[in-house]
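Trainee: What follows is a single structure, and I will ask about it in a moment.
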Amino acid sequence: MKTFKTIYLITIITITICVVGLFGARRFGRIGGLFGNPDIVRDSVKTEPFQAVEMQADIADFSIVEGDEYRVDYAYPSNITVTGKVENGILKVTVHGKNNYNNNFLRIHKKGIQTVDTKLTIVVPEESDLSKIDLDVDAGNIVLNNRVFDKIKIDSDACNVELNRITADFADISADAGRILVEKSALKDAEFKVSAGTLEVNDSTLDTVKAEGSMGSIRFDESDFTDGDLSSDLGEVVVDGNFENLQIKTSLGQIRVDSENIDKAKLDLSMEMGEIEVNGEKKGGEYKKSRSE
């Protein structure tokens, strides 16, 4: 049995390395990685008022800040085209290279190769009613701070996504490779998906949460929710907080649950290979518990 487990583990790790290697080669081939010294174009464009943002970008360091007007600020290499317009209250932004396989995002410097600016900042007045965002980004960073939304949808490839002090009725966030970080936020319904990356939710509250992971870890630290449905193929799932219903399924890794209200919670934990631990006690490969009244 140990020999079988060892072979299984080696096979999974080998497949993981191959997938990540192919993914990385494909992504970096797409966004460039070619040496060059492109000029940086910086601009600031005023817009009409808008209530929603939709963006498709090959690469972007995206953020939303408060100002005294509706505006888009950006800095990009000259071979990247940035377009934007407001239609029916929606700001629609696109960021694309003239040739997806020949974009220069690196420049030669006497101190070595350095990345160039790829920043896109949405500026809105403090009293604005911006309530929805829909972002599709291949590579970069997405940061949202201190805002209230009706709906957040983020689909990213090689991205780090950060939500800090965000309130939202619904959030749907996915990252193929990268990190999703949620801190001090309140989300009613949330769906997270990570492939080769991590999900971290810290000091937050959620009503219903669903999280799926392929390779990496899923962690909820000092975070409370009502219903949780968490799953991972390869990696650990850690929950530290209070909840009513929690289901966790993993193939290979570790499940660890710590909660002060464990007696009043319903648990359904299962894994194919690894270890389950609940409030410091080992529970084998499967553990189910009904909620006590």
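Trainee: I want to confirm something. Restricting to region 197-215 and keeping residues that are modelled with pLDDT under 95 and surrounded by 20 or more Cβ atoms within 10 Å (Cβ to Cβ), which single residue is nearest to Leu252 (Cα to Cα)?
Mentor: The qualifying residue nearest to Leu252 (Cα to Cα) is Met215.
Trainee: So, in region 217-232, how many residues would count as being in a loop (DSSP other than H, G, I, E, B) and buried (at least 23 other Cβ atoms within 10 Å of the Cβ)?
Mentor: Number satisfying all stated conditions: 1.
Trainee: Considering region 133-156 alone, what residues qualify as being buried (at least 19 other Cβ atoms within 10 Å of the Cβ) and out of contact with any Ser or Thr (no Cβ under 9 Å at 6 or more places or on another chain)?
Mentor: Correct list: Ile133, Ile152.
Trainee: For the list (1) of a type in the set (A, V, I, L, M, F, W, C); (2) at pLDDT below 90; (3) not assigned by TED's automatic domain parsing to the domain that holds Val53, I need the number of the one condition that Ala139 fails.
Mentor: (2)
Trainee: Please go through region 74-108 and give me each residue that is part of a loop (DSSP other than H, G, I, E, B), small (Gly, Ala, Ser) and modelled with pLDDT of 90 or more, ordered by number.
Mentor: Within region 74-108, just Gly89 meets the criteria.
Trainee: Continuing with the same structure: State the number of residues belonging to region 244-272 that are assigned to a strand (DSSP E or B) and of a type in the set (Asp, Glu).
Mentor: Within region 244-272, residues that are assigned to a strand (DSSP E or B) and of a type in the set (Asp, Glu) number 3.
Trainee: Does region 150-163 include one or more residues that are of a type outside the set (Val, Ile, Thr), closer than 23 Å to Glu48 by Cα, touching a Leu at 6+ places or on another chain (Cβ under 9 Å) and modelled with pLDDT of 95 or more?
Mentor: Looking for residues that are of a type outside the set (Val, Ile, Thr), closer than 23 Å to Glu48 by Cα, touching a Leu at 6+ places or on another chain (Cβ under 9 Å) and modelled with pLDDT of 95 or more, one finds at least one in region 150-163, hence yes.
Trainee: From the list Asn160, Asn164, which residue is touching a Lys or Arg at 6+ places or on another chain (Cβ under 8 Å) and over 25 Å from Thr94 (Cβ atoms)?
Mentor: Only one candidate passes the filter, namely Asn164.
Trainee: Can you find a residue that is buried (at least 18 other Cβ atoms within 10 Å of the Cβ), in the same structural domain as Arg179 (by TED's automatic domain parsing) and small (Gly, Ala, Ser) anywhere in region 233-250?
Mentor: Yes; the residues of region 233-250 include at least one that is buried (at least 18 other Cβ atoms within 10 Å of the Cβ), in the same structural domain as Arg179 (by TED's automatic domain parsing) and small (Gly, Ala, Ser).
The values are calculated or read from the model by the stated rules, or taken from the named source; none is laboratory data. Everything quoted here is computed from the prediction, not taken from an experiment. Backbone-built Cβ (ideal geometry, glycine too); neighbour counts: all protein chains shown.
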